[in-house]
Every structure is written in C-alpha cells, then in structure tokens.
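Q: Dumping the structure here so I can ask a few things about it.
The values are calculated or read from the model by the stated rules, or taken from the named source; none is laboratory data. If you're wondering where the values come from, they're calculated on a predicted model, not measured in any experiment. Positions of Cβ are backbone-derived with ideal geometry, glycine not excepted, and every protein chain shown enters the neighbour counts.
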Amino acid sequence: MNVLILGGGTVGSTVAEFLCKAHNKVTVVDHDPDVIEQLQGSLDIRGITGNASSVKTLTEAAAGAQDLCLALTNNSEVNLVISTIVKGMGAKRVAARVYADTFRAQTEFNYRKHFRVDALLGIEYLTAMEIVRRIRDPESMIVERFAQGNIEMQEFVVLRESKATGVPLHQLKLPGTVRIGSIRRDGHVTIASANDTINPGDRVSLLGETHAIEGVKKLFNIDPLKKQSILIAGAGEVALYLASVLVKRGNSVSLIEQNKEHGHFLSEKVPEATVLYGDARRRNILAEARAAECDYFIGATKDDETNIMCCIEALALGAGKVIAVVHNTDYGGLVEKLGIHATVSPHEMVRRQVEGLLHSGALTFVNTDLLGYNIEVLELSVQEDSPVTKAPLKECGFPPHSVLASVVRDAALMLPDADFRLQPGDTAVALVHKNDEERLVGFFTAPKK
C-alpha cells in the first residue's frame with residue numbers, strides 16, 4: 001500500500017519502520033531536514049522536508065494518491081486539519097493522532113465525522129486501556145475496544161451452572177446493548193447463534209457497553225471484580241486515562257507526581273483519585289504512598305528508566321504486581337530479568353492500530369488474533385449505496401458463519417436485530433469466519449461504477 005506519514009517524530013519513525021518491513025511504499029513529511037535525513041539513511045522511504053499542513057507540500061507528497069495517510073504530529077488540532085485537507089485531496093483513508101480525550105469522545109460532538117477522519121489514534125488512551133486489560137483478569141479475560149472506544153469486548157469463563165446456562169440464547173433477557181459473540185468449547189470457537197446454549201466450562205465473549213456487560217456476567221454467576229488498590233507513578237495522559245477508568249470501576253487509585261501543575265490538573269479531572277507529590281523512584285516516597293500494600297503498581301511516566309526504576313523499588317517494598325510503560329523495545333528482555341511482571345509499549349499499541357487500518361474500502365479494522373480459530377473481528381464502515389443499505393438485515397443474506405454484533409450511529413450504540421436497516425456512515429462490528437470475510441465485506445461496499 002501507499003502510505004503517507006505526516007510527522008517523523010518518535011511515533012512517526014516507529015510506524016515508518018514497521019510499514020517498510022511489511023513492504024509498503026512509505027512517504028514521510030517533516031519540517032526538520034535532519035529528521036528526514038536520518039530516516040532516509042536507515043529506511044527505504046521517500047522523505048520530504050516541509051510543512052505538513054501546506055497544500056504545496058502535500059501535493060509534492062502525492063497525498064491524493066495515498067491508500068492511507070497518518071497525521072502523527074505532536075499537535076491534535078494540526079492533525080485534524082491535515083486529515084481534512086488530505087481527505088479532500090483524494091486520500092482513500094486518513095487517521096489522526098489526538099491527545100485530548102475531548103477529541104476521541106463522540107458523545108457531545110463527533111470530531112471524526114466532522115473532520116472526515118476515518119480513525120482517531122489516541123495512543124495514550126490505548127496504552128492505558130491495555131494496562132486496564134492486564135489488571136482486570138490477565139489469566140481468563142480479554143478486554144478490547146472497537147468503534148473509537150464505543151464498543152467493548154470481554155471474554156469470561158463460565159465456572160458453574162446458573163439460571164442462564166443451558167438456556168437457548170434467544171430466551172435470555174439480555175440488555176439491548178449487549179451481544180454474545182462467540183463460544184469457546186472443547187478447544188473450538190464458534191460464532192454464537194440464537195439457538196446455542198452456554199454451559200459450565202465455556203469461554204464466552206460479549207460485545208456492547210461496559211456497564212451492560214457487567215450486568216450480563218451476573219446472569220452467569222460471574223463474581224464482580226474485587227476492589228483493588230492501585231498506585232501509579234506519573235500524572236501524564238496515560239495516567240489520567242488509567243486513573244479515570246479504574247476509579248469508575250470501583251478501585252482505589254493513588255498517584256505519585258513530581259510536577260504539581262500536572263498533579264493539580266489530574267485531581268481536577270479525577271477527583272476520586274489521590275495525588276501525592278514526590279519522586280516515585282525514591283523508596284521513602286513509595287513507602288509513604290503505601291506501595292507495599294498495593295495490589296498493582298504502575299510505572300506510567302514518560303521516561304522508560306524512571307518507570308523501570310520505580311517498579312523495582314515498589315517490588316522491593318512488597319507491591320503485589322508491577323507493570324511498566326516502556327517505549328524502548330530493547331528493554332524487553334532486561335525488564336523480565338528484573339522481575340517486573342509486565343510491560344506495555346505505546347509503540348506496540350500504535351503498531352496494532354495502524355496494521356488494522358491497512359485495508360481498503362468498507363473494511364476499516366480487523367483483528368485476527370483476538371478469538372483465534374479463524375474467527376475474525378471486523379470493524380466496517382457502511383458505504384453509500386452498499387447492499388446493506390437496501391434492505392433489512394434479514395434480507396441481506398449474510399454468510400452463515402458471521403454475526404453483526406453492534407452498530408454505532410452518531411455516537412449511539414445499537415444492537416441490530418433482523419429488521420434493522422443500516423445507513424451510510426454507520427460503523428458496524430462483526431464476527432466472521434476467515435473464509436467468509438471477503439464476502440461479508442462486500443455487503444458493506446459500494447458497487448463499482
């Protein structure tokens with residue numbers, strides 16, 4: 001594919017590297033000639049020095065002929081404006097990096113639709129959500145989000161009989177925003193159908209709103225997640241997202257931050273969290289913050305070495321489990337030897353997101369690894385005049401090994417039934433067998449003129 005990267009900083013260069021290794025034709029634009037020179041010396045890219053928001057520069061970079069354009073500068077507003085320009089020039093798909101949660105959330109104003117952006121890349125938010133996934137139940141549960149965070153997928157194990165086991169799914173009184181997606185039984189995964197039943201020992205995936213999912217799990221006697229004590233080093237964007245999600249889920253959250261301005265800002269955004277001031281690398285500061293009593297300690301500053309050091313100190317004091325945010329992948333082996341339980345890489349988060357965008361047409365994102373056994377989770381954009389807009393779902397003739405799990409329309413989450421009609425611009429999340437992916441995508445694709 002032809003990919004244009006606007007902004008050759010740390011994130012832009014990382015993305016350029018893995019795209020080149022995957023044999024894509026990559027062009028990088030940056031205002032700093034030294035950045036371009038360095039990238040051209042190490043990667044097989046076309047480099048252009050110039051203003052990424054200049055039409056002249058974008059024309060030189062052939063922005064209109066690109067399959068994918070990634071606006072990855074360090075300014076959210078600039079990235080959104082660039083994306084709009086590039087889309088207007090004819091780029092097939094555009095994604096913009098955004099920092100503030102204001103841009104990512106679509107409940108008050110749909111920035112993605114307004115600026116004609118196909119995807120918003122909130123790397124800090126994605127990193128925080130990966131840490132949340134590790135905290136919730138790393139042994140038995142997966143947590144993933146789709147449709148710009150509007151849809152969550154969880155997988156849980158049914159440990160014992162309940163009033164919901166052995167009952168056909170169509171008889172279960174599930175909330176209108178939750179769908180049972182798949183059932184893993186005896187080593188095989190199947191896409192759930194209306195007549196299927198769930199039995200003890202099954203692993204079940206749910207898609208929908210987070211709070212509604214928690215209610216559905218109670219039907220299967222899944223114990224609610226226990227309140228945990230979590231101590232976070234840092235009060236930057238990753239820590240902000242992390243704290244806001246964790247306190248909403250009933251956890252006790254404290255943070256250690258040296259910069260009082262950052263700490264005050266986080267306290268205003270997440271008043272339920274406790275902010276302590278000091279250097280998280282110092283054992284006496286960690287002791288005062290009761291690191292020895294916390295269930296999880298998270299090193300989430302912007303500095304890898306600081307995150308590693310404070311995790312080591314927290315471990316020495318007796319913290320339950322420690323997780324470090326690490327940008328430099330070279331630290332992976334070292335961290336394991338130091339006893340740190342897990343690392344989360346923002347670069348890995350953005351790589352996964354960009355890889356999911358390397359498609360064309362109605363298919364906007366695909367995850368082939370989430371459920372396994374040739375079951376894929378697709379994110380689809382309903383195109384103008386596509387077959388799914390012509391009739392109710394029951395008349396569309398979808399492949400038998402597929403299910404349309406959820407639909408987002410103007411930031412509202414909907415659970416489609418047989419009589420549901422999709423509209424152009426809707427975002428749909430579907431489960432499908434790998435062999436039927438192309439056929440399913442065809443229903444969402446506009447006919448060739």
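Q: Just wondering, is there one or more residues in region 318-330 that are more than 26 Å from the chain's Cα centre (by Cα) and in a helix (DSSP H, G or I)?
A: Among the residues of region 318-330, not one is more than 26 Å from the chain's Cα centre (by Cα) and in a helix (DSSP H, G or I), which makes the answer no.
Q: Find the strands (runs of 3 or more DSSP E) located wholly in region 157-273 whose residues include 1 or more that are closer than 30 Å to residue 321 by Cα and among the charged types (D, E, K, R), and list them. If you could, list the steps in order and put the result at the bottom.
A: Working: elements: 178-185, 188-191, 203-208, 229-233, 252-257.
Of the strands (runs of 3 or more DSSP E) lying wholly inside region 157-273, those with at least 1 residues that are closer than 30 Å to residue 321 by Cα and among the charged types (D, E, K, R) span 178-185, 203-208, 252-257.
Q: Since residue 441 meets every condition but one in (1) at pLDDT below 90; (2) under 22 Å from the mean Cα position of the chain (by Cα), which condition does it not meet?
A: (1)
Q: Now a separate question. Among the numbered criteria (1) part of a strand (DSSP E or B); (2) in contact with a Gly (Cβ under 7 Å, 6 or more places away or on another chain), which single criterion is violated by residue 39?
A: (1)
Q: Got a number for residues in region 331-349 being part of a helix (DSSP H, G or I) and aliphatic (A, V, I, L, M)?
A: Of the residues in region 331-349, 3 are part of a helix (DSSP H, G or I) and aliphatic (A, V, I, L, M).
Q: Taking the options 239, 300, 287, 235, name whichever one is touching a residue at least 12 places away in the same chain (Cβ under 8 Å) and more than 23 Å from residue 346 (Cβ to Cβ).
A: The unique qualifying residue is 287.
Q: Okay, next question. Of all residues being buried (at least 24 other Cβ atoms within 10 Å of the Cβ) and of a type in the set (Val, Ile, Thr) in region 1-25, which is farthest from residue 345 (Cα to Cα)? Just the residue, please.
A: Among them, the one singled out is 3.
Q: So, in region 406-449, how many residues would count as being without any contact (Cβ under 8 Å) to a residue 24 or more places away in the chain, surrounded by fewer than 14 Cβ atoms within 10 Å (Cβ to Cβ) and part of a loop (DSSP other than H, G, I, E, B)?
A: Within region 406-449, residues that are without any contact (Cβ under 8 Å) to a residue 24 or more places away in the chain, surrounded by fewer than 14 Cβ atoms within 10 Å (Cβ to Cβ) and part of a loop (DSSP other than H, G, I, E, B) number 2.
Q: I need a count of the residues in region 274-311 that are outside any loop (DSSP other than H, G, I, E, B) and either surrounded by fewer than 18 Cβ atoms within 10 Å (Cβ to Cβ) or of a type in the set (S, T, N, Q) (or both).
A: Count: 12.
Q: Moving to a separate point now. Could you figure out which of (1) buried (at least 16 other Cβ atoms within 10 Å of the Cβ); (2) β-branched (Val, Ile, Thr); (3) modelled with pLDDT of 85 or more isn't true of residue 216?
A: (3)
Q: Hey, another quick one. Of the residues that sit in region 342-362 and are buried (at least 21 other Cβ atoms within 10 Å of the Cβ) and of a type in the set (A, V, I, L, M, F, W, C), which one is modelled with the highest pLDDT?
A: 344
Q: May I pose another question? Identify, please: which residue in region 72-101 is basic (Lys, Arg) and not in a helix (DSSP H, G or I) and is, among those, nearest to the chain's Cα centre (by Cα)? I'd like the intermediate steps shown before the answer.
A: First pass over region 72-101, keeping only residues basic (Lys, Arg): 87, 92-93, 97.
In the following step, the residues that additionally are not in a helix (DSSP H, G or I) were identified as 92-93, 97.
Values: 92: 22, 93: 18, 97: 13 Å.
My answer is 97.
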